[in-house]
Structure formats: C-alpha cells, structure tokens
Amino acid sequence: MTPGGGSGPMKDCEYSQISTHSSSSPMESPHKKKKSAPKRKWEVFPGRNKFFCNGRIMMARQTGVFYLTLVLILVTSGLFFAFDCPYLSEKITPAIPAIGGILFFFVMGTLLRTSFSDPGVLPRATPDEAADLERQIDIANGSSSGGYRPPPRTKEVIINGQTVKLKYCFTCKIFRPPRASHCSLCDNCVERFDHHCPWVGNCVGKRNYRFFYMFILSLSFLTVFIFAFVITHVILRSQQTGFLNALKDSPASVLEAVVCFFSVWSIVGLSGFHTYLISSNQTTNEDIKGSWSNKRGKENYNPYSYGNIFTNCCAALCGPLSPSLIDRRGFIQPDTAQLAGPSNGITMYGATQSQSNMAAATPLLQSEPSITSEELPLPGKTSISGPCATLTLGQPTPPSSMPNLTSDTGLTDMIPLKEEHEGHQFLTPEEAPSPPGMLPSGSPITHSHTMHVLSLASQDSLHEDSVRGLVKLSSV
Amino acid sequence: MATEVHSLQELRRSASLATKVFVQRDYSDGTTCQFQTKFPPELESRIERQLFEETVKTLNGFYAEAEKIGGSSYLEGCLACATAYFIFLCMETHYEKVLKKISKYIQEQNEKIYAPRGLLLTDPLERGMRVIEISIYEDRCSSGSSSSGSSSSSSGGGGGGAGGR
C-alpha cells in the first residue's frame with residue numbers, strides 16, 4: 001500500500017504550478033512555429049457564413065439583398081440631402097437636414113451592426129462532448145441495438161413552471177438551449193433565434209436583436225421623415241410655380257416619394273410587430289409557431305416573460321450584451337493530448353478523434369474540418385442538401401417555422417437518394433470516416449449498422465424533421 | 001529515488017488523458033447561464049465533493065452577475081443606444097469584464113486545487129458556454145488501471161513518497 005495511496009497515485013508525484021494560461025489562451029500559438037502561418041478560426045468555421053476583414057465581419061452567404069437595402073437607403077437619403085434639403089433649409093429651417101443627418105447616421109450604424117455582428121451562433125460540439133452526449137442518450141434509451149435509429153432526441157426542462165422541450169441538433173451535435181434554433185440558411189444554431197433576415201444579410205438572434213430593432217425603428221422614422229419633407233418640398237414649390245413645374249424642377253423628389261411610400265407600410269408594420277414581440281418577450285419564431293399562445297391550452301404561458309411590458313423591453317434592449325462564442329479571430333491551437341480511452345461504441349466520433357488528435361483544452365473548431373471533410377465524400381449528401389436549400393432559400397420567415405413543409409416536400413426527393421446512400425454504406429464500411437484502428441474489436445457488424453445509422457443522422461444540411469421522416473421510411 | 005515533479009505541461013505530454021467529464025447547463029431558471037451542481041461520479045475518487053460544488057457555485061454566481069439586469073446594465077445599454085452602438089468599439093462591456101474575472105478564477109482553481117489532483121478545468125467560454133469540461137489525467141509514472149500498474153506504483157510510489165517530503 002503506498003503511503004499516499006488514499007487519494008490515489010496522483011499524490012505520489014508533485015506538481016509544480018505552471019501557468020495554466022497555455023490551456024486557455026490563444027497567446028501561445030504564435031510561439032509554436034508551424035510551417036504554415038497559424039490559421040484563424042474563422043477560416044475553418046463550419047457554418048455557411050462569409051467573413052471579411054480577417055474575421056471581424058460576419059455575414060450570411062447570400063448577401064445580394066443586403067446590398068439592395070444599402071443602395072436603397074443610400075440613394076434615397078443622398079437624393080434627399082442633395083436636392084430637397086437646400087430648398088427646405090432655406091425656406092423652413094436648417095434643422096431639417098441636421099435631424100435627417102442624425103437619423104441617417106443612426107440607421108446606417110445600426111444596419112451595419114446588425115449585418116456584421118455574430119447573431120449568437122453556438123459553436124458545434126467537440127468530438128468528446130458529442131461522444132459523451134451520445135453515451136448519455138444511449139443509456140437513457142436503453143441500448144443502441146443498431147439496425148434502426150433510436151427515437152428523436154429530446155430533453156424536457158421545466159422553466160418557471162412551464163415544460164420546455166430541448167431538441168437535439170444533428171448538425172451541431174448539441175442539445176439546443178431553450179429558444180435556440182438552427183438556421184438552415186446559415187447552417188448554425190443561433191441562440192434566441194428570431195429569424196433569418198435577407199435584407200440585413202444575417203440571422204437575427206440574441207446578440208444582434210437590439211441592433212435590428214433599433215434599425216427598423218430608426219428606418220421607419222427616417223422613411224416617414226423623408227416622405228413628409230419631400231411632400232412638403234413639392235407642395236411649397238407648387239405654390240410658387242405650379243404642380244407640374246415643381247415636379248420638373250425636382251425630379252428626384254418623385255423617386256424618393258415613390259420609394260418611401262412603398263417602404264413605409266412594410267417597415268412601420270415590421271416595427272410595430274417587433275415592438276409587440278419585445279413587450280411580450282417572444283421571438284418571431286415562437287410567435288409564428290404559437291408556442292406560448294393561449295390557444296394551445298389554458299396552462300400555456302410564456303415562461304421567459306418578466307410579467308410587465310417595461311421590464312421586457314428593458315431586458316431586450318438594454319440588457320447585457322453577451323460575447324461572441326465562436327471567437328472568430330482566435331488562432332487555432334495545435335493539439336496537445338489525445339483522448340486515449342476506449343471509444344464507447346460510437347465509432348463515428350472515435351474516428352474523428354484519431355483523425356485530428358483531439359486535446360483536452362483545444363478549441364473545438366480544429367475538429368470541424370475533419371468532420372465536415374470526412375462527411376463530404378458520402379455521395380448522397382450534397383444532392384440531398386439541394387432540395388432543402390431551394391425550399392428554404394429566399395424566405396424571410398424563419399426556416400424552423402416550417403418543419404412540416406420541408407419534411408413533406410423534401411421526402412419525395414430524398415427517397416431515391418436515400419436508397420442509393422444506404423446501399424453505399426453497407427457495401428463499403430471502409431470508406432466511411434472511421435479507420436479500423438479506432439473501432440472496438442470484435443463488432444464489425446454492429447459497427448456497420450451504427451455507422452449507417454449515424455451517417456444518415458449526420459447529413460448536415462438536413463433539417464432534423466426531414467431526417468426523422470427518412471428514418472420512418474427506412475424502418476418500414 | 002528522485003522526487004518526481006511534474007509540471008502541468010509535462011503532465012499533458014507524459015500523462016495520458018484518461019477521460020473527460022462534462023458538467024451540463026442547468027436550464028431550470030430559463031436561458032441564464034447556470035451549470036448543474038450535481039457531482040459527477042467519475043470524480044468520486046479524485047476530488048472532494050465540497051470543493052467541486054464550491055467551484056461550480058462560484059462560477060454560477062459570476063455568470064449571474066454578468067447577466068444581471070439592473071441599473072448599471074440599463075445605463076450601459078442606453079448609452080450604447082444613444083451613440084448608435086459605436087461606443088462598443090472603445091469600451092469593454094460589463095459582461096466582458098466579468099468573463100475576464102471568471103477566466104482568472106478558473107486559472108487559479110486549476111493551479112491550486114485541480115492540477116494537483118490531475119484534473120483540468122476548461123473555461124466554458126471555449127465550449128460555447130454549454131459545458132464545464134473537466135479533463136481527468138492518468139499519470140504514466142504511477143499506476144494506470146491494471147494490476148501490473150499497481151505493483152509498479154507500490155515500488156515507485158514508496159520511493160516517491162519518501163523522497164517527496
């Protein structure tokens with residue numbers, strides 16, 4: 001019996017206190033000279049996002065409509081300042097261009113903030129985390145017998161007396177926190193997901209909701225302001241020279257009036273809608289699904305609401321701003337230790353560990369390239385993502401609000417693909433991303449089953465309802 | 001036998017990472033960041049229950065402080081709004097300040113309590129605020145798991161124990 005045996009073999013060796021900085025700070029990476037320049041995390045980010053200015057700016061992939069928004073605002077405001085303001089400042093007061101300028105500045109500031117900031121993206125699980133979760137789910141479900149996929153994974157939590165279901169995200173391999181949702185356009189889970197807005201070219205979530213709200217609010221004021229003063233300008237001019245001459249003298253006013261007229265209805269309407277959402281502390285997603293409406297049952301109420309409108313508004317707009325969790329500009333750290341424990345039967349995750357030597361405290365993102373690149377070779381994957389993407393593209397409403405739509409219409413496309421996919425899996429287990437070395441010995445059959453099941457489950461761009469639908473078909 | 005002194009870095013190189021334990025989030029209070037204080041069974045032999053619970057409770061307290069909605073956060077929010085949020089370019093938010101405190105606290109806990117027991121806490125910020133990851137290291141100098149390991153540890157441990165004082 002060792003003298004210090006009571007607390008295990010650890011006490012036999014002394015540990016000097018070395019700075020634990022190396023485990024959590026990115027500072028060390030520049031010292032570790034790699035042959036190539038150290039990469040920043042945004043360069044290997046797994047979601048469908050675009051990054052600019054070396055990771056400082058983050059947007060969705062489709063930014064065309066955002067440029068349209070910019071052009072509309074800049075052109076209309078520019079024309080206003082160039083053509084209407086000189087006349088108005090002379091005739092009425094120079095405060096008009098001043099106020100207009102302030103409003104314009106505010107609109108542009110909030111628009112750029114909304115579009116360029118991280119909406120609250122949740123980073124994907126590290127392989128170790130995912131394996132641990134899988135193990136817990138298997139324990140909860142009994143055992144993974146292989147052959148067919150276990151039922152959809154949900155966890156129930158009681159929040160303020162209301163039962164909330166937490167869903168498992170197959171792409172990000174996490175249980176989504178309450179109010180989070182997976183955006184299929186950006187392929188990220190976003191905290192407090194409101195909706196994906198093509199007009200700002202980004203998702204609207206926890207971190208940029210207040211910027212979005214201030215943007216639409218200030219834009220409504222600006223639109224109304226410009227519209228009102230353009231009309232005033234034309235009226236004043238037509239008092240002097242007649243209506244048609246007034247229009248001829250300032251043709252820009254006509255354009256501005258038309259743009260503002262059509263924008264006012266939608267923007268003011270949207271501001272009103274979001275004011276209602278803020279005061280009741282709901283997201284667009286929840287409102288559309290009717291998650292907390294009375295129609296679902298008398299017992300149904302919003303557990304996140306603070307009870308009164310004022311507190312709800314303050315919490316949404318003036319509450320603390322949480323930091324970005326994805327650390328876009330951090331450096332990718334090289335791995336230090338490898339998880340040498342036996343893989344717990346989840347061969348998929350065990351495989352990726354061996355691929356990229358996972359470490360205790362390395363940032364998760366280093367694992368992402370190996371995961372995504374390994375899954376890409378599967379033949380059915382990219383074509384399956386096609387129908388889903390076309391279904392949800394170009395829709396300003398939140399993708400997760402139409403799960404039925406995607407699963408119903410997407411299924412018919414996916415059935416033939418699934419069969420070919422299945423065949424591929426059974427024939428060539430070696431091609432799947434798991435080198436034989438990492439597999440638990442003596443279970444090649446269960447291996448191919450679990451792999452088949454897990455490969456189906458891990459088709460990244462599928463909405464999870466569609467995946468569930470696939471599984472129902474395969475079990476028939 | 002010479003005293004075996006292991007630095008944390010050497011520990012990582014020479015020790016093998018046996019397993020990782022994940023302390024999950026506790027959502028019973030809503031979306032605020034809180035972690036479960038339930039003691040993981042894998043740490044049973046490694047660390048005293050009370051120390052672990054105290055660490056998690058302190059962390060929960062820090063996060064609650066960061067996300068607190070009160071006078072100062074309103075002031076910060078209104079000021080930021082008034083400047084069209086340009087002030088965030090120069091000023092650090094209250095949340096970021098608390099996160100720095102948390103990171104210092106975790107480092108301190110690692111140095112004082114966890115590293116001597118062969119454990120390592122990872123800042124939840126690096127794991128998307130989803131889990132507190134605790135890495136459990138098995139040191140290769142003394143026993144791992146098998147009986148052959150224990151016999152070597154009894155001889156090595158005896159020497160180390162004597163030399164270690």
Task: Looking only at region B:88-101, and only at residues there that are aliphatic (A, V, I, L, M) and more than 8 Å from chain A (Cβ to nearest Cβ), the one that is least open to solvent (accessible area, probe 1.4 Å) - done: B:V98
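Return yes when A:L277 is in a helix (DSSP H, G or I), open to solvent by 40 Å² or more (accessible area, probe 1.4 Å) and among the hydrophobic types (A, V, I, L, M, F, W, C) and no when it is not. If you could, list the steps in order and put the result at the bottom.
Working: in a helix (DSSP H, G or I): yes; open to solvent by 40 Å² or more (accessible area, probe 1.4 Å): no; among the hydrophobic types (A, V, I, L, M, F, W, C): yes.
Answer is no for this residue.
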Open item on the list: Quick check on region B:51-60: of everything there that is open to solvent by 40 Å² or more (accessible area, probe 1.4 Å) and not hydrophobic (A, V, I, L, M, F, W, C), which residue is farthest from the other protein chains (Cβ to nearest Cβ)?
Closed with: B:K57
TODO: Would you kindly identify the strands (runs of 3 or more DSSP E) lying entirely within region A:152-220 that contain at least 3 residues that are under 14 Å from A:R113 (Cα atoms), within 10 Å of the chain's Cα centre (by Cα) and not acidic (D, E)?
DONE: A:202-204
TODO: Output yes when any residue across region A:274-291 is in contact (Cβ under 8 Å) with a residue 40 or more places away in the chain and more than 30 Å from A:K165 (Cβ to Cβ), and no when none is.
DONE: no
- [ ] Kindly indicate whether any position in region A:251-268 is assigned to a helix (DSSP H, G or I), within 14 Å of chain B (Cβ to nearest Cβ) and either touching a Ser or Thr at 6+ places or on another chain (Cβ under 8 Å) or buried (at least 19 other Cβ atoms within 10 Å of the Cβ) (or both).
- [x] no
Task: Leading residue by the ranking (surrounded by the most Cβ atoms within 10 Å (Cβ to Cβ)) among those in region A:111-130 that are facing chain B (nearest Cβ under 9 Å) and farther than 25 Å from A:R61 by Cβ - done: A:D128
- [ ] Could you grab me the full set of residues in region A:314-339 that are more than 16 Å from A:K206 (Cβ to Cβ) and open to solvent by 30 Å² or more (accessible area, probe 1.4 Å)?
- [x] A:D327, A:R328, A:R329, A:F331, A:P334, A:D335, A:T336, A:Q338, A:L339
- [ ] Scan region A:94-103 and give yes if some residue there is outside any helix (DSSP H, G or I) and crowded, with 18+ Cβ neighbours inside 10 Å, otherwise no.
- [x] no
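May I ask you to list the residues in region B:39-50 that are within 13 Å of another protein chain (Cβ to nearest Cβ) and open to solvent by 50 Å² or more (accessible area, probe 1.4 Å)?
Of the residues in region B:39-50, the ones within 13 Å of another protein chain (Cβ to nearest Cβ) are B:40-48.
Passing the criteria: B:P41, B:E42, B:E44, B:S45, B:E48.
Residues of region B:14-38 being of a type in the set (G, A, S) and either assigned to a strand (DSSP E or B) or facing chain A (nearest Cβ under 7 Å) (or both), which ones?
Answer for region B:14-38, where residues must be of a type in the set (G, A, S) and either assigned to a strand (DSSP E or B) or facing chain A (nearest Cβ under 7 Å) (or both): B:S16, B:A18, B:S28, B:G30.
Just to verify a result, which residue in region B:104-115, among those that are within 7 Å of another protein chain (Cβ to nearest Cβ) and surrounded by 19 or more Cβ atoms within 10 Å (Cβ to Cβ), is farthest from A:C318 (Cα to Cα)? Before you say what the answer is, go through the steps one by one.
Within region B:104-115, the first condition is being within 7 Å of another protein chain (Cβ to nearest Cβ), and the residues that meet it are B:107, B:110-111, B:115.
Those still in the list that are surrounded by 19 or more Cβ atoms within 10 Å (Cβ to Cβ) too: B:110, B:115.
Numbers: B:N110: 35, B:A115: 40 Å.
Only one residue tops the list, namely B:A115.
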Open item on the list: Need pairs with beta-carbon distance below 9 Å; first residue free of Cβ contacts under 8 Å to residues at least 12 places away in the same chain and assigned to a loop (DSSP other than H, G, I, E, B) and within region B:84-112, second surrounded by fewer than 16 Cβ atoms within 10 Å (Cβ to Cβ) and hydrophobic (A, V, I, L, M, F, W, C); sequence gap 6+ or separate chains.
Closed with: B:A84/A:F105; B:M91/B:L79
TODO: Considering every residue within region A:232-249, establish whether at least one is touching a helix residue (DSSP H, G or I) at 6+ places or on another chain (Cβ under 7 Å), closer than 21 Å to A:N49 by Cβ, open to solvent by less than 40 Å² (accessible area, probe 1.4 Å) and in contact (Cβ under 8 Å) with a residue 60 or more places away in the chain.
DONE: no
Task: Pick from region B:76-87, criterion open to solvent by 40 Å² or more (accessible area, probe 1.4 Å) and at the interface with another protein chain (Cβ under 8 Å from one of its Cβ atoms), ranking: farthest from B:Q36 (Cα to Cα) - done: B:F86
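The values are calculated or read from the model by the stated rules, or taken from the named source; none is laboratory data. Since the structure is predicted, the reported quantities are computational estimates derived from the model, not experimental observations. Note: ideal-geometry Cβ built from the backbone for every residue, glycine included; neighbour counts use all protein chains shown. The area values use the complete protein model at the heavy-atom level, side chains included, leaving out ligands, DNA and RNA. Shrake-Rupley method; radii C 1.70, N 1.55, O 1.52, S 1.80 Å.
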